[in-house]
Amino acid sequence: MENMESTVLEEIAFDGRPPFLRIYKDGRVERLVGTQIDVPPRIDSKTNVESKDAVYSQETTQYLRLYVPKNATSSSAQKLPLLVYFHDGAFFIGTASSPMRAPEHPIPITYHDSRYALKWLASHYGGNGHEKWLNRHVDFNKVYLSGDSAGDETKDPDKRAKIERFWRLVSPTTSGTDDPWINPFKDQSLASLVCSRVLVCVAEKDVLRHRGWYYCERLKKTEWKGEVEMMESKGEDHVFHLLELTCDSAMAKLKKVAAFMNQGP
């Protein structure tokens, strides 16, 4: 048994611990978490929300999942805000639908894929797109982009080394954690950010907490004319709201996001 384990270790080129994934010297990728998520589109009896999948790229057959309140599908006159959610997973694990994940598809492929999805959604502006739900129910004057997890500028050398290690895995040609792909303030065009409001949410114990505060403070110092809000969840850690969906902190965060959206653009 010991010899077998030693042989396996010798074959591993990259060991992403805590157990996220392993890359073997023969090029094989083994994902250790985030592969069991396979929830079919349906009507959720608890929330009365209906979902379905829609292909946004015929070339790559990439698809996204659409959600709409069931009571809205019975009335074509009701228009709702559009919330576009980019799920977490450090670019290489987890899948809410069908993302192109690293290392097979390194950065910036994921970013380009996200842009294609947004362009497909925008093609429904005016009610002439391919997807009826978007044509009927979306108010394209109220579009919100959201997501979880990002890079970090932690001062802890061990944590920073781990983050840089994973970042180089998903972006082999990167210049480091100051790469514009992970540090938006290396791009001088943020002053022309087209949105009018931004909400940044962080957790007190999250290793990425400082990055959220950094983004908020730096954004305020640019020539961007919008408003930025900050929310910190005390005593919570990374993506706590996904691990404990109905805990007090998660519900408070949900209410904050809902209030932010209800204010309008």
| message | Can you give the local net charge around PHE260? Use residues other than it whose beta-carbon is closer than 14 angstrom to its beta-carbon, Lys and Arg +1, Asp and Glu -1. | response | +3
| message | For Cα pairs less than 8 Å apart in space and 6+ apart in sequence, what is the mean separation divided by the residue count of the stretch 179-265, i.e. the relative contact order in percent? | response | 30 percent
| Summed residue charge, Cβ within 11 Å of HIS124's Cβ, Lys/Arg positive, Asp/Glu negative | +2
| query | Along the stretch 121-131, what does the Karplus equation 6.51 cos²θ - 1.76 cosθ + 1.60 (θ = phi - 60°) give for ³J(HN,Hα), rounded to whole Hz, x for Gly and Pro? | reply | 4, 5, 5, 8, 4, x, x, 10, x, 7, 9
| field | the stretch 184-265: trypsin sites (Lys or Arg not before Pro) falling in loop per DSSP and having at most 11 other Cβ within 10 Å | value | LYS225, LYS234
| remark: Any residue on another chain or 5+ positions along whose placed amide H is under 5 Å from the amide H of SER57 is listed here as GLN62
| query | For LYS234, what charge total do you get from the other residues with a beta carbon under 12 Å from its beta carbon, if Lys and Arg give +1 and Asp and Glu give -1? | reply | -3
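Read-outs throughout are calculated quantities, based only on the coordinates presented, and are distinct from any laboratory measurement. As the structure is a prediction and not an experimental result, all values here were calculated from the model. Glycine gets a Cβ as well: all are built from the backbone with ideal geometry, and neighbour counts include every protein chain shown.
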